[in-house]
1. Only residues that are under 26 Å from Arg37 (Cα atoms) and surrounded by 16 or more Cβ atoms within 10 Å (Cβ to Cβ): list them for the stretch 222-249, please.
2. Could you please give the count of residues in the stretch 167-178 that are in a strand (DSSP E or B), in contact with a helix residue (DSSP H, G or I) (Cβ under 7 Å, 6 or more places away or on another chain), more than 24 Å from Lys111 (Cα to Cα) and of a type outside the set (S, T, N, Q)?
3. Can you pull out every residue in the stretch 109-139 that is buried (at least 18 other Cβ atoms within 10 Å of the Cβ) and in a loop (DSSP other than H, G, I, E, B)?
4. Looking at the stretch 140-166, which of its residues are in a loop (DSSP other than H, G, I, E, B) and more than 26 Å from Pro90 (Cα to Cα)?
5. Give me the pairs: first residue in the stretch 218-242 and closer than 13 Å to His175 by Cβ, second residue part of a helix (DSSP H, G or I) and among the polar types (S, T, N, Q), beta-carbon distance under 8 Å, and six or more apart or on different chains, which are they?
Amino acid sequence: MLKEERQQLILDKIGADKKVTLVALSKELDVSYDSIRRDIIELEERGLLRKVHGGAITNSYLPMKVRQRMGIPNPEIVRIARKTLRLIQPGQTILMDGGTTPLYIVEQFPKEMELTVVTNNLPLAVVLADHPHIEVMVLGGSFYKRYQITMGQTVMDQLAHLRVDWYLMGVVGSHPDEGFSLRNHEETLLKRRMMQTARQVAVCLTTEKLHTPAAHRICGLEDVSLLITSLNPSDAQLAEYQEKGLEIW
């Protein structure tokens, strides 16, 4: 079975059942657990579903649904979001990029908080549309449907005139020696440019991305101010990152 056929079957099943589990899909499609896991990650990056612990559910961030309630995220992302909110001070300018974790973070912004949020993540901008005190600046450019973000030279040019307090950077992989990485080369270049606009850079990382470098390196650990995970900073999984001198929350 071709990958495209397999992924379409996954989407068909989610459309019918609203959720799937990796174990059940692996058995039903007679492929490895890791293959299904990679399919789910790729489909999430395209905005076609939302990955949760052990499986996936309907993507509530597709354009027609983005104004609905976010639903209950898995506990890991809740912990990451709560830690991230500790960074943000009223009046700051925050740069946020693509992915679903940033959507959970902004959903938890207190209604009285005054901020400026700069983003190339269009679903995130819509989530903030009803926030009474947050100014949203959308970076315009070519819209990449797969990632639900804008990219290209227009975005790069806008970033050249920008200075932010924090850049909350999303990544696909990390490694204590190889740093932070992505699967897409062009987005890697964009994130490097985004880093140059920020006084400080924080990476919000789920545990499945630890010790799993992707094809395109963004930067080294030394280029990031802070790593935010759901784990206790003293957890053994973070020991090598700690040894490199990276601050971890």
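Taken together, the values in this text are just the output of simple stated rules run on the coordinates, not laboratory data. In this text the structure is predicted, and so the values were computed from the model without any measurement. Ideal geometry is used to build each Cβ from the backbone, glycine not excepted, and the neighbour counts take in all protein chains shown.
1. Leu227, Ile228, Thr229, Ser230, Leu231, Leu238, Tyr241
2. First pass over the stretch 167-178, keeping only residues in a strand (DSSP E or B): 167-169, 173-175.
Now narrow it down to the ones that are in contact with a helix residue (DSSP H, G or I) (Cβ under 7 Å, 6 or more places away or on another chain): 167-169, 173-174.
If we keep only those that are more than 24 Å from Lys111 (Cα to Cα) as well, we get 173-174.
Retained after the next criterion (residues that are of a type outside the set (S, T, N, Q)): 173.
Result for the stretch 167-178: 1.
3. Across the stretch 109-139, the qualifying residues are Phe109, Asn120, His131, Leu139.
4. Narrowing the stretch 140-166 to residues in a loop (DSSP other than H, G, I, E, B): 140-141, 145-148, 152, 160-163.
Matches in the stretch 140-166: Gly141, Lys145, Arg146, Tyr147, Gln148, Gly152.
5. Every condition considered, the pairs that remain are Ile218/Thr188; Gln237/Thr207.
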